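Take a look at the structure set out below.
The values are calculated or read from the model by the stated rules, or taken from the named source; none is laboratory data. Here the structure is a predicted model, which is why all the values come from computation and not from measurement. Using ideal geometry, Cβ is built from the backbone for each residue, glycine included, and neighbour counts are taken over all protein chains shown.
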Amino acid sequence: MGNGLAIEAKGLFKSFDGKEAVRGIDLAVPEGSIYGILGPNGAGKTTTLRMLLGIIDPDRGHRTLLGHERPLEAAGIVGYLPEERGLYPAMHTRDAIAFMGALRGLPLAEGRKRAEQLLGENGLGEYVAKPVKSLSKGMAQTVQLLGTIVHRPRLVVLDEPFSGLDAINQGRLEHLIREEATAGVTVIFSTHVIAHAERLCERIAIIADGRIRFEGGVADARDRLRPQVRLRTRAADGPWRAALPEEAEQRGDVWHFELPKAGVEPLLRGLIDGGAGIEELSIERPGLHDAFVAIAGEAAAREMEESALAVGEAA
Ligand SMILES: Nc1ncnc2c1ncn2[C@@H]1O[C@H](COP(=O)(O)OP(=O)(O)OP(=O)(O)O)[C@@H](O)[C@H]1O
Ligand SMILES: [Mg+2]
């Protein structure tokens, strides 16, 4: 891929039954990166991933997958964990993984060998020769995930890979994703659990209502929100109150407000010179969770404005 991108998508649109599920999505996923697609239920994440993989075609727009204009041509070097899970219940765990590899062109004998190794590394060594139906739901999901990477793909697409896993297995999966990326594999996954994206991803896209609301680094998403100040003072009132922004809110004896644009020093000076008697002061950078809620919320608000406008225009 001359441009260093594992996935490039421009202007993807998709409607189901006349309703637009995806409305103009652009994506650029750098090779070897871990990329997160975040968004609330029904945002269009799964539909987008399916279009990227060539499982469904967009109504409009185009995408390239590992340099291929027709994504299915790259199937042998792609791994995909779909949202709806499923393995043959009677198959042995090792064979289930080898079978998934075989579907992507990996010789069965090699698949079985690698399956044993992967199962061992992921705490499932004792299940190698046991049928899939003897696994718990979370274990079966791990097995399916191992089947997704058994053929050593260059790109791994995981739809909600963390859902249904306990904390230990979520940690294992994070570790596995990092290892893949270290080996040069591109990993793209969808989630609505922001913490995973925050720990793993270099870049994220936040989708709401079929559109990209944010694309960029995790830190950039966080920087969209201003740091939050908590302040407790000895003085109940006084000239120092002029240093607080108008929107400052008092809950109990603690003031909460966004750090003013001018920054920390003017605030401190105003508080001290104004006789506040600072007892407690903290300035915290918001997490990705807050940014996500703010961005997805902003999107919802804009959506409402747009539909109000559209109604206005129609009238
Ligand atoms: N095959 C389909 N037929 C009809 N509507 C569909 C189909 N697939 C998706 N949709 C609709 O498209 C929209 C986006 O769905 P999608 O599954 O892409 O969302 P999502 O972001 O993956 O949500 P979730 O977090 O719940 O998995 C929804 O309104 C959904 O009802
Ligand atoms: Mg989905």
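Details
- Of residues in region 11-27 being more than 19 Å from Thr191 (Cβ to Cβ), small (Gly, Ala, Ser) and touching a residue at least 40 places away in the same chain (Cβ under 8 Å), the one farthest from ligand 1 (Cβ to nearest atom): Gly11
- Any hit, region 25-36, residues being of a type in the set (Asp, Glu) and buried (at least 17 other Cβ atoms within 10 Å of the Cβ): yes
- Of all residues in region 55-109 being part of a loop (DSSP other than H, G, I, E, B) and β-branched (Val, Ile, Thr), the one that is farthest from Phe13 (Cα to Cα): Ile55
- Cβ pairs under 6 Å, 6+ apart, first in region 207-235 and over 14 Å from Phe292 (Cα atoms), second among the aromatic types (Phe, Trp, Tyr) and more than 16 Å from ligand 2 (Cβ to nearest atom): Val229/Phe257; Leu231/Trp255
- Selection within region 272-291 - outside any loop (DSSP other than H, G, I, E, B) and either buried (at least 17 other Cβ atoms within 10 Å of the Cβ) or not small (Gly, Ala, Ser) (or both): Ile272, Asp273, Ile278, Glu279, Glu280, Leu281, Ile283, Glu284, Leu288, His289, Asp290, Ala291
- Checking each residue in region 143-164 for being crowded, with 19+ Cβ neighbours inside 10 Å and of a type in the set (Ser, Thr, Tyr) picks out only Thr148.
- Flag for Ile77 being within 16 Å of ligand 2 (Cβ to nearest atom) and more than 21 Å from Asp209 (Cβ to Cβ): no
- Residues of region 139-178 that are modelled with pLDDT of 95 or more, in contact with a Gly (Cβ under 8 Å, 6 or more places away or on another chain) and more than 14 Å from Arg85 (Cβ to Cβ): Ile149, Val150, His151, Pro153, Arg154, Leu155, Val156, Val157.
- Residue in region 110-118 that is touching a residue at least 24 places away in the same chain (Cβ under 8 Å), more than 23 Å from the chain's Cα centre (by Cα), assigned to a helix (DSSP H, G or I) and closer than 21 Å to Ile34 by Cβ present: yes
- Considering residues of region 38-54 that are near ligand 1 (Cβ under 7 Å from one of its atoms) and part of a helix (DSSP H, G or I) only, the residue farthest from the chain's Cα centre (by Cα): Thr47
- Among the residues examined, Ile188 does not qualify as in contact with a Leu (Cβ under 6 Å, 6 or more places away or on another chain) and either crowded, with 19+ Cβ neighbours inside 10 Å or of a type in the set (Ser, Thr, Tyr) (or both).
- Qualifying position, being loosely packed, with under 14 Cβ neighbours inside 10 Å and away from ligand 2 (no atom under 16 Å from the Cβ), among Ala181, Ala195, Ala167, Ala140: Ala167
- Of the residues in region 222-239, at least one is over 14 Å from the mean Cα position of the chain (by Cα), loosely packed, with under 15 Cβ neighbours inside 10 Å and among the aliphatic types (A, V, I, L, M).
- Exclusive hit being touching a Ser or Thr at 6+ places or on another chain (Cβ under 7 Å) and surrounded by fewer than 19 Cβ atoms within 10 Å (Cβ to Cβ), set Glu83, Glu20, Glu73, Glu69: Glu83
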